[in-house]
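Read the structure below first, then the notes.
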Amino acid sequence: MSAIDQEVAGYYDKLLKRNAGEPEFHQAVAEVLESLKIVLEKDPHYADYGLIERLCEPERQIIFRVPWMDDNNEVRVNRGFRVQFNSALGPYKGGLRFHPSVNLGVIKFLGFEQIFKNSLTGLPIGGGKGGSDFDPKGRSEGEVMRFCQSFMTELWRHIGEYRDVPAGDIGVGGREVGFLFGQYRRLANQHESGVLTGKGLEWGGSLARTEATGFGCVYFTEEMMKANGESLDGAKVIVSGSGNVATYAIQKAQELGATVVGFSDSSGWVETPNGVDVELLRDVKEKRRERVSTYVEEAQGTTFHSDGSIWDLKADVALPCATQNELEAEHARTLVDNGVRYVAEGANMPSTPEAVEIFRSNKINFGPGKAANAGGVATSALEMQQNASRDSWTFDYTDQRLHGIMSNIFKLSAETAAEYGHEGDYIVGANIAGFKKVADAMLAQGVI
């Protein structure tokens, strides 16, 4: 084991001891540290002043009680989190996730990834994340409102447009952001529109924000394919999930000439050999909030599967857009066997390390989440710009800015990978490019 390997292993062992029982966080850090070995061999000054240890330790971790009353007048208690991970480049920026799986380790993993994702956008935003183990599924609108108001009653004192700017994530859409913003406005006694992103268009939101993560994932995929002289036109695409990211990834892929042959939710998956009716999907999932089986009942030529895996389908491109660690080693082997040549992560860390290694060893073009799904936070930052200038941009202009940012992220990831001797490895490229910008800022600002 080289001196660099020993040094990085020492960082990781210390992190494991200090952050026991947080496997998702461990996984995210391990991936980045593996790439940083390459950096430290060429640029050893990045180990100065405890930089790596400081990078892996959040600047602030906030945990709080969220009491609320359900429709039966029974008091419920959930736990809220906000991890303000790194502000070297700008105010903390990252979504809020409401899901039963949320715990401190999950929020730390998401916040850590957000540092590098936000850095790659080229915009002045730091990394943070938050959420709660509250599950909005099956809850009435009144219950969701009361929970959001209670959640914001604590969170509001920790956020602000120059301090920390939350957005939506799994379980937090336009409805939830509206309730959160209303309570913030009430408590702060001011209409500080830049304090949250993903807002309604009538009160400070940005056109194209809803579509941004899904669109951005497809734009990144398109850049990977162009680098190999290919395009999405005529390609077959699998998209896991059917939430916001998946829906708009489906839409953009089909606009660019692809056929999306399957999508899913937690109840099962849908085979769509002739493509997806996006308007019907939006109606089923966004308006009626029903399961994908309802889509099958109303769409011809489709099949619902409650067992098996969506990754069993044959396609050219796979876009995992549901949740972390959904795509495992066996799925990766099946995708490779079935001819998939491109994988881009629309969700945060949806592929397990074993799956990623299978893609790498089989020379699959792989876009990691911190690069491929950066479109959402990029457009959130564009929303912040509009709020700061009291301006509102057109959909087309915002989409053009998004497309340009995603193209630049691909270019930066590809060029950095090549610079460090790993041409075509966009994981290495994205990790190193994202790290260096943050690290340079941290070194310039001293030990804080």
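Rule-based calculations on the coordinates, nothing more; no lab input. Source: prediction; values computed, not measured. Every residue, glycine among them, receives a Cβ derived from its backbone with ideal geometry; neighbour counts consider all protein chains shown.
Note on region 225-361: with charges restricted to the Cβ of Lys and Arg (+1) and Asp and Glu (-1), its dipole about the Cα centre is near 280 debye. Working ranking of peptides 131-142, 240-251, 432-443, 13-24 by packing, defined as the average number of other Cβ atoms within 10 Å per residue, highest first, is 240-251, 432-443, 131-142, 13-24.
Per-residue packing, averaged as other Cβ atoms within 10 Å, sorts the ranges 105-112, 213-220 into the order 213-220, 105-112, beginning with the highest. For a distance above 27 Å, tell me the whole-number percent of Cα pairs in the chain that qualify. When all Cα pairs of the chain are counted, 51 percent exceed 27 Å. Students often get this wrong, so check it: of LYS117/LYS199; LYS199/LYS226; LYS108/LYS285; LYS108/LYS252; LYS199/LYS236, which have C-alpha atoms separated by over 27 Å? Exceeds cut-off: LYS199/LYS226; LYS108/LYS285; LYS108/LYS252; LYS199/LYS236. About the centre of its Cα atoms, the chain shows a dipole size close to 1280 debye [charges on the beta carbon of Lys, Arg (+1) and Asp, Glu (-1) only; nearest 20 debye].
Look at where the Cα atoms of region 2-63 and of region 93-109 average out, and the two centres are 20 Å apart. If the chain linking ARG163 and GLU57 were pulled fully straight, counting 0.36 nm for each residue of separation and taking away their Cα-Cα distance, it would gain 36.3 nm. Available extension along the chain between ASN325 and ASP312 is 3.0 nm, counting 0.36 nm per residue and deducting the alpha carbon span. For region 212-363, the Kirkwood radius over C-alpha pairs fed into Stokes-Einstein at 37 °C and 0.692 mPa s yields D = 218 µm² per second.
Residues whose amide H lies under 5 Å from that of ARG76, counting only those 5 or more places away or on a different chain, are TRP68, MET69, ASP70; hydrogens are built 1.01 Å from N in the peptide plane. Region 377-448: Rg/Rh from Cα coordinates, Kirkwood Rh? With Rg and the Kirkwood Rh in hand, the quotient comes to 1.11.
On the basis of the beta-carbon distance and an R0 of 45 Å, ALA20 and GLU74 show a calculated FRET efficiency of 0.85. Only Lys, Arg, Asp and Glu carry charge here, each on its Cβ (+1 for the first two, -1 for the last two); on that basis region 60-191 has a dipole of about 380 debye about its Cα centre.
If you take the beta carbon distance between GLU202 and SER2 as r and set R0 to 35 Å, what does 1/(1 + (r/R0)^6) give as a FRET efficiency, to the nearest 0.05? With a Förster radius of 35 Å, E is 0.05.
Would you work out the relative contact order for region 248-404, in percent, from Cα pairs under 8 angstrom that are 6 or more residues apart?
For region 248-404, the relative contact order is 15 percent.
Considering only PHE304, ASN348, THR334, and ranking their Cα positions along the charge dipole of region 212-363 that arises from unit charges at the beta-carbon of Lys, Arg, Asp and Glu, the one farthest toward the positive end is ASN348. Considering only alpha-carbon pairs that sit under 8 angstrom and 6 or more positions apart, the relative contact order computed for the chain is 15 percent.
Quotient of the Cα radius of gyration of region 1-113 and 2.2 N^0.38 Å, N being its number of residues: 1.32. Along the axis of the charge dipole computed for region 69-145 (Cβ charges of +1 for Lys and Arg, -1 for Asp and Glu, origin at the Cα centre), the listed residues PHE98, ALA88, PHE112 are led at the positive end by ALA88. The phi torsions of region 77-87, fed into the Karplus equation with coefficients 6.51, -1.76 and 1.60 and a -60° offset, translate into couplings of 10, 10, 10, x, 9, 8, 10, 9, 7, 7, 10 Hz, rounded to whole numbers, with Gly and Pro shown as x. Positive-end ranking of GLY204, VAL261, MET224 along the dipole of region 198-273, with charges on Cβ about the Cα centre, is headed by GLY204. With R₀ set to 45 Å, the beta-carbon distance separating ASP283 from HIS422 gives a calculated FRET efficiency near 0.50.
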